[in-house]
Amino acid sequence: MKHFLRVLTQLLVFLYCKCLWRGLKFVIRKVTGRCELQRICYNNKPGARRTLKIESSLKCSKHELLQSAISVHPDSVEKTIDDILSLKKINLDTNPQLGISLQACLLQIVGYRNLVVEVEKLRREPYDCENPTHEEMLMKLWKELRPDSPLSGRISKQWCEIGFQGNDPKTDFRGMGLLGLHNLLYFAEHDKATALQVLHDSLQPKHSKMSKAEWEKKKIDKAIGYSFAIVGINITDLAYSLLVSGALKTHLYNVAPEMPSLVHFQQTFCYLMQEFHRFWIEEDPCDIMEFNRVRTKFYKRVLKQLKNPDMALCPHFTASDLHLVNL
């Protein structure tokens with residue numbers, strides 16, 4: 001009985017607040033002469049701060065047209081904006097910038113949804129050693145990271161030199177599918193200097209204040225870097241989690257003037273790889289067994305950063321062609 005009364009009370013409070021909010025919006029519109037979408041566009045600068053509020057407003061609208069707007073095809077965005085302006089009885093002659101602002105926001109919203117679908121498709125596609133395209137990408141990854149060391153064969157222990165676990169990298173792509181390979185190759189191709197530096201550092205022994213004699217005496221494993229490729233696949237999983245949870249909206253709405261694309265996601269991966277490498281060094285873990293602890297702490301730090309609506313995870317590499325919008 002107590003549980004029923006509590007649920008009933010929560011429902012009544014929800015309905016009351018909802019009715020109160022709609023009534024308040026009606027009063028504000030009559031006073032200001034502007035609908036909620038207009039007020040959001042005029043009172044918030046371009047980027048995540050504006051687009052997130054527009055997205056929330058459309059989702060919570062009682063009009064089906066507005067609710068469905070966030071899932072339209074990109075080619076239908078312009079017509080959808082015209083329909084919204086018509087529904088809201090907004091005169092473009094007196095509000096010339098509104099249509100442009102709403103269109104930019106809606107393109108970001110539908111672009112993000114399409115990006116999630118594209119990334120998910122790559123994640124679900126398994127690596128196929130019989131597929132020439134897959135094999136070509138893998139061989140290219142080796143050449144980018146080990147340009148002066150010819151690969152002895154497709155199945156080789158040399159793969160461990162770039163951080164794979166065994167003789168055949170195929171098995172390491174099971175969790176993230178082709179998405180992991182795409183990200184690693186993008187990193188190696190578009191920010192080669194940084195990728196090579198991170199790979200080099202990951203293979204080095206841990207720096208310690210202990211002397212070499214003390215290391216020998218204590219029999220501590222000095223080679224406690226991490227496996228570059230495996231960590232890259234793991235960071236791909238981290239970036240994927242941020243994307244599908246919606247946490248990455250803050251960053252992508254701030255850096256993509258219109259539709260976020262796979263390139264934006266891959267550049268975000270490059271940033272996360274570099275930042276994780278720095279974080280790993282700062283944390284100074286005892287050994288690789290602390291990887292999950294460090295990763296979890298890093299993930300929480302990134303999540304905290306993304307709660308700031310003005311946050312943009314700007315890549316620190318010169319090869320990036322990602323252009324930030326003027327916020």
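The values are calculated or read from the model by the stated rules, or taken from the named source; none is laboratory data. Note that the structure is a prediction, hence the values are computed from the model and not measured. Every residue, glycine as well, gets a Cβ built from its backbone with ideal geometry; the counts of neighbours run over all protein chains shown. Surface accessibility is based on the protein's heavy atoms, side chains included, excluding ligands, DNA and RNA. Shrake-Rupley method; radii C 1.70, N 1.55, O 1.52, S 1.80 Å.
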TYR253 being in contact with a Cys (Cβ under 8 Å, 6 or more places away or on another chain), modelled with pLDDT of 95 or more and either open to solvent by less than 50 Å² (accessible area, probe 1.4 Å) or at negative phi (or both):
no
Got a sec? Which of GLY180, GLY166, GLY175 is of a type in the set (Gly, Ala, Ser), closer than 30 Å to TYR253 by Cα and open to solvent by 10 Å² or more (accessible area, probe 1.4 Å)?
GLY175
Identity of the residue in region 91-102, outside any loop (DSSP other than H, G, I, E, B) and open to solvent by 60 Å² or more (accessible area, probe 1.4 Å), that ends up farthest from LEU252 (Cα to Cα)
PRO96
Do you know which residues across region 143-153 are at pLDDT 95 or above and more than 12 Å from LYS192 (Cα to Cα)?
none
Out of all the residues in region 162-194, which are under 20 Å from ILE288 (Cβ atoms) and aliphatic (A, V, I, L, M)?
ILE162, MET176, LEU184
Members of region 31-81 that are surrounded by 13 or more Cβ atoms within 10 Å (Cβ to Cβ), without any contact (Cβ under 8 Å) to a residue 24 or more places away in the chain and among the acidic types (Asp, Glu)
GLU36
Need the failing condition index for ARG113 against (1) farther than 21 Å from PRO260 by Cα; (2) open to solvent by 20 Å² or more (accessible area, probe 1.4 Å); (3) in contact (Cβ under 8 Å) with a residue 40 or more places away in the chain, just the number.
(1)
Listed by first then second residue, the pairs whose first member lies in region 224-239 and is under 10 Å from PHE269 (Cβ atoms), whose partner is among the β-branched types (Val, Ile, Thr), with beta carbons under 7 Å and at least 6 positions apart or on separate chains, are ALA239/THR268
How about region 124-159: which of its residues are surrounded by fewer than 16 Cβ atoms within 10 Å (Cβ to Cβ), assigned to a helix (DSSP H, G or I), more than 27 Å from the chain's Cα centre (by Cα) and not basic (Lys, Arg)?
PRO132
Here is a check on your reading of the model: is LEU199 in a helix (DSSP H, G or I) and modelled with pLDDT of 95 or more?
no
Spot the failing condition for ASP128; the list is (1) under 30 Å from ASP168 (Cβ atoms); (2) in contact (Cβ under 8 Å) with a residue 12 or more places away in the chain, and only one is missed.
(2)
